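Right, one structure below, let's go through it.
The values are calculated or read from the model by the stated rules, or taken from the named source; none is laboratory data. Keep in mind that this is a model prediction, so the values were computed, not measured. Counting neighbours? That spans all protein chains shown, and the Cβs are built from the backbone with ideal geometry, glycine included. Just so you know, the surface numbers come from the protein's heavy atoms only, side chains and all, with ligands and any DNA or RNA stripped out. Shrake-Rupley method; radii C 1.70, N 1.55, O 1.52, S 1.80 Å.
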Amino acid sequence: MDTGISMQAAALTVTGLYCPPTAGTCQATRMDLHHPRLLFRGRSGSSCSVAEHLTLMGTLRFRAEHIHGRVFGLLPLASSTRTIPPVPVPYLVLTEVTAHGLWTRADHVYGTAMTIGTDDLCEEPRAETEGREFTG
């Protein structure tokens with residue numbers, strides 16, 4: 001069975017990004033997600049969280065086995081956090097974001113218009129993703 005967390009978002013903004021070469025995780029000071037959909041697949045079932053906006057702050061650590069999006073809405077990017085060069089990036093915006101094998105830890109998480117439900121919640125199209133299907 002495929003387990004883990006998959007994410008889809010209209011936009012992802014990361015502030016203070018740094019991926020140390022031997023740490024296995026990246027760090028940042030802030031992460032903002034616009035219209036995120038988080039699909040949690042576990043051995044005993046699946047669930048989904050949907051929000052209008054989600055902000056993670058404080059001591060923030062994360063990794064993703066695969067992340068895909070458009071840098072500043074233009075350049076396509078497909079990578080893993082393991083392959084990001086260890087160069088500090090003060091500010092990064094990705095649009096049309098999907099991520100698989102996601103793990104995140106933050107001191108503070110704030111969300112607006114958040115709904116938690118069964119995995120079929122992730123299959124409902126939003127206005128800005130109309131016609132696109134979640135492929136978690």
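Numerical summary
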read-out: Per-region count, region 1-19, residues farther than 17 Å from L92 by Cα and not in a strand (DSSP E or B); value: 3
read-out: Contacts under 6 angstrom Cβ, first residue in region 112-126 being more than 12 Å from H35 (Cβ to Cβ), partner modelled with pLDDT under 85 and part of a strand (DSSP E or B), 6 or more apart; value: D119/S46
read-out: Selection count, region 67-77, where residues are closer than 17 Å to H35 by Cβ and surrounded by fewer than 15 Cβ atoms within 10 Å (Cβ to Cβ); value: 1
read-out: Yes/no for T59 being touching a strand residue (DSSP E or B) at 6+ places or on another chain (Cβ under 9 Å), under 30 Å from T118 (Cβ atoms) and of a type in the set (S, T, Y); value: no
read-out: Some residue of region 46-53 being open to solvent by 30 Å² or more (accessible area, probe 1.4 Å) and at pLDDT 90 or above; value: yes
read-out: Region 7-36 - residue that is among the hydroxyl-bearing types (S, T, Y) and without any contact (Cβ under 8 Å) to a residue 40 or more places away in the chain and, of those, least open to solvent (accessible area, probe 1.4 Å); value: T29
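Table: residues versus (1) closer than 21 Å to S6 by Cβ; (2) surrounded by fewer than 11 Cβ atoms within 10 Å (Cβ to Cβ); (3) not aromatic (F, W, Y).
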{"site": "M57", "(1), (2), (3)": "no, no, yes"}
{"site": "L60", "(1), (2), (3)": "yes, no, yes"}
{"site": "E65", "(1), (2), (3)": "yes, no, yes"}
{"site": "P90", "(1), (2), (3)": "no, yes, yes"}
{"site": "T95", "(1), (2), (3)": "yes, no, yes"}
{"site": "H100", "(1), (2), (3)": "yes, no, yes"}
{"site": "H108", "(1), (2), (3)": "no, no, yes"}
